[in-house]
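Q: The structure under discussion is supplied below as structure tokens; questions concerning it will follow.
The values are calculated or read from the model by the stated rules, or taken from the named source; none is laboratory data. Just so it is clear, the model here is predicted, and its values are computed rather than measured. When we count neighbours, we look across all protein chains shown, and the Cβ atoms used for this are built from the backbone with ideal geometry, even at glycine. Please note that ligands, DNA and RNA were not included when accessible areas were found on the heavy atoms of the full protein model with its side chains. Shrake-Rupley method; radii C 1.70, N 1.55, O 1.52, S 1.80 Å.
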Amino acid sequence: PKLIVARLTGFGQTGPYSRMAGHDINYLALSGILSVLGRASSNPTPPANLLADFSGGLSCAFGIVLAILQRERTGQGQVIDSAMMDSCLYLGTFIQQNMERNQLWNKPRGHNVLDSGSPFYDTYETKDGRHVAVGALEPQFYQNMIQILSRVDPDLALLPSQWDQDRWHVIRDKFTSIFKTKTLEEWQIEFDGTDACVTPVLFFSELSKHPHAAHRNMFLETKDFSPNPPAPSPKLLGFSKEAAPHPQRGEHSISILKELG
């Protein structure tokens, strides 16, 4: 009666699709989330397999934690039905609830504030073919960004208002041309430490050398993997920062079975 059983599947344990095969992109598509991902000029674009597969896994893990807490209170176990399609939809609650309610997400794909529709929440190419990410949503952050960009083009003061959506194309064209005047490293020097919400788009291979990642020990130092894998998140401050050796397959099977009785 105290046993906790976690079942992680694509479509869940019930329903007409419960026995049907699928992959991340299929669960994402049927949840409605894929329809809002991508630029206006492109097909819906899946973000690799990051959403359904891993949100499903996190949802399942969270379900196990909740079941353990319930068992401590009631003495009863639980069967967890974790579906990747369900977790996709739940993760997308913010978008689903805001569609047609406000200006953040009331237009077709690629025309909204947060889906590359606005010029102040998008990526831009730099002089050396790299990219910066711009997330200057709030007016104070937007003005900080404009102030820094004005060092290149003083005429930015004549730009349309930040929220004049009919003229976003004018702002975007100006940002596009300005960001191409400097390399990624040069822009990083300009924006590091500022509240302008402009950051470099880094490669995985660069991240381990980034000062913030290094300060926070965002990679594990281990001989079991190459390159070093990301450290678990969130960080539990009362625990050791040392990485335990990577277990071999079946290494703990007997001890676990003995513990279970």
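Q: In µm²/s, what is D for segment 159-232 at 25 °C and 0.890 mPa s, where D = kT/(6 pi eta Rh) by Stokes-Einstein and Rh is the Kirkwood radius from Cα pairs?
A: Rounded, D is 160 µm²/s.
Q: Can you find, among Leu89, Ser253, Thr183, the residue sitting farthest towards the positive end of the charge dipole of the chain, where Lys and Arg contribute +1 and Asp and Glu -1 at Cβ?
A: Ser253
Q: Which entry in (1) 22.3; (2) 19.3; (3) 20.9 matches Kirkwood radius over Cα pairs in Å derived from the coordinates of this structure?
A: It is the value labelled (1).
Q: Taking the Cα-to-Cβ direction at Leu3 and at Asn49 and moving 7 Å from each Cα, how far apart do the two end points lie in nm?
A: 2.9
Q: May I have the count of lysine pairs in segment 79-207 with C-alpha atoms under 16 Å apart, counting pairs 8 or more residues apart or located on different chains?
A: Count of close lysine pairs: 4.
Q: What is segment 1-105 by shape, rounded, prolate or oblate, if you read a ≥ b ≥ c off the alpha carbon gyration tensor as root eigenvalues and call it rounded for a/c under 1.5, prolate for a/b larger than b/c, and oblate otherwise?
A: prolate
Q: How many percent of the alpha carbon pairs in segment 108-182 exceed a separation of 17 Å?
A: 41
Q: Whole Å is fine, so just give me how far the alpha carbon centre of segment 1-40 lies from that of segment 87-116.
A: 20
Q: Which sequence of Glu251, Glu259, Glu125 reflects their accessible areas, 1.4 Å probe, from the largest down? Present the calculation step by step, with values, prior to reporting the outcome.
A: Numbers: Glu251 105, Glu259 155, Glu125 80 Å².
Per-residue accessible area, sorted high to low, gives Glu259, Glu251, Glu125.
Q: Order the peptides 153-160, 169-176, 80-87, 54-61 from the highest to the lowest mean number of other Cβ atoms within 10 Å of their residues.
A: Working: 153-160: 12.8, 169-176: 15.5, 80-87: 22.8, 54-61: 17.6.
Per-residue Cβ counts within 10 Å, averaged per peptide and sorted highest first, yield 80-87, 54-61, 169-176, 153-160.
Q: Right, next: Pop the C-beta distance of Ala231 and Asp166 into the FRET formula with R0 = 35 Å and round what comes out to the nearest 0.05.
A: For Ala231 and Asp166, the calculated efficiency is 0.15.
Q: Using unit Cβ charges (K, R positive; D, E negative) and no other charged atoms, how large, in debye to the nearest 20, is the dipole of the chain about its Cα centre?
A: Computed about the Cα centre, the dipole is about 700 debye.
Q: Follow-up. Considering only protein heavy atoms, what per residue accessible area in square angstrom results for the chain with a 1.4 angstrom probe?
A: On a per-residue basis, the chain sits at 68 Å².
Q: Dipole of the chain (Lys/Arg Cβ +1, Asp/Glu Cβ -1, origin at the Cα centre): which of Gly77, Leu34, Leu50 lies farthest to the positive side?
A: Of the candidates, Gly77 comes out farthest on the positive side.
Q: While we're looking at this one, here's another question. Can you list the HN-Hα couplings for segment 32-38, worked out from phi with the Karplus curve (6.51, -1.76, 1.60; θ = phi - 60°), rounded to whole Hz and with x for Gly and Pro?
A: Going residue by residue, I get x, 5, 4, 5, 9, 9, x Hz, with x marking Gly and Pro.
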